[in-house]
Amino acid sequence: MRRNIDAWWPHIAAGAEAIVVTASGCGSLVKDYGHALRLDPAYAEKAARVTELARDLAEVLAREDLGAFRLAAPRRIAFHAPCSLQHGQRLQGVVEAILQGLGFELAPVNEAHLCCGSAGTYSVLQPELAAQLRRRKLDHLQAGAPELIASANVGCQLHLQAGTALRVVHWIELLDEAPPGPA
C-alpha cells in the first residue's frame, strides 16, 4: 500500500482527478487504504486521499457518453458480477447498465449474488470448495446460452475460464472488440 501511495503521490499532488482501477478486487482494496493505514502517522492522510480518489472503471464510464461503442447488432452475454464489485464496492448493476446501454443482451443468471469460488486466495487454499462454487456459478452463467461470459475481476475471469470452454473476458474488452454501430 505504501509503495503504491508513493508511486501515485506525484500524480495526486499534480491534481489527478481519480485513481481508476480496472479489477474490482483491487479496487475494493485500494478504496480501503484510508482505513487500513489510518493509524500510520506517515501515511494516514495520503491513504485517506487515495481512498477518496479511487474509482472503479465502471464508475467513471457510467458518467460518460459511450454512444460510439454502441453495437450494430446485439450480442448475448452472461455477466458475472464479482463479490468485490457487488459487496466490496457496492456497485451492483453499474456494469450491467453500461453493457445493456451499449446493446448487449444480458442472459439471466440465477444466484447472481453468489461467489464464483475465486475469492482471492480461496481457490488456492480451498481448491475443492472453490471448484464446487465455480461449477455452480458456471451452470447458472451458461444456462441462458450466452456467447461468452464477462466479469469485472481478473481473478474471477481466470477462475471461471479454468472450468469452461466458453470464452471468459473482462467486460471492458467487449467495448474494444465490438464493431461500433450508430451513435
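The values are calculated or read from the model by the stated rules, or taken from the named source; none is laboratory data. Please read all numbers here as calculations on a predicted model, not as lab measurements. Cβ placement follows ideal geometry from the backbone for every residue including glycine, while neighbour counts extend to all protein chains displayed.
Can you run down the residue pairs with Cβ atoms below 7 Å, 6 or more apart or on separate chains, where the first is in segment 115-134 and within 22 Å of Ala152 (Cβ to Cβ) and the partner is of a type in the set (Phe, Trp, Tyr) and in a helix (DSSP H, G or I)?
Partner pairs satisfying both residue conditions: Ala130/Tyr122.
Of the residues Gly88, Gly120, which is on the phi > 0 side of the Ramachandran plot and either more than 20 Å from the chain's Cα centre (by Cα) or at pLDDT below 90 (or both)? Even if it seems obvious, please write down each step before you answer.
Details: Gly88 fails: on the phi > 0 side of the Ramachandran plot.
From the options Gly88, Gly120, the qualifying one is Gly120.
What are the pairs, 6+ residues apart or on separate chains, where a residue within segment 8-24 that is in a helix (DSSP H, G or I) has its Cβ under 7 Å from a residue that is surrounded by 10 or more Cβ atoms within 10 Å (Cβ to Cβ) and of a type in the set (Asp, Glu)?
Ser24/Asp56
For a quick check of your reading: which helices (runs of 4 or more DSSP H) sit entirely within segment 86-177 and have at least 2 residues that are closer than 21 Å to Leu61 by Cβ? Spell out the reasoning first.
On the way: elements: 94-101, 122-125, 127-142, 154-161, 171-177.
So the answer is 94-101, 154-161, 171-177.
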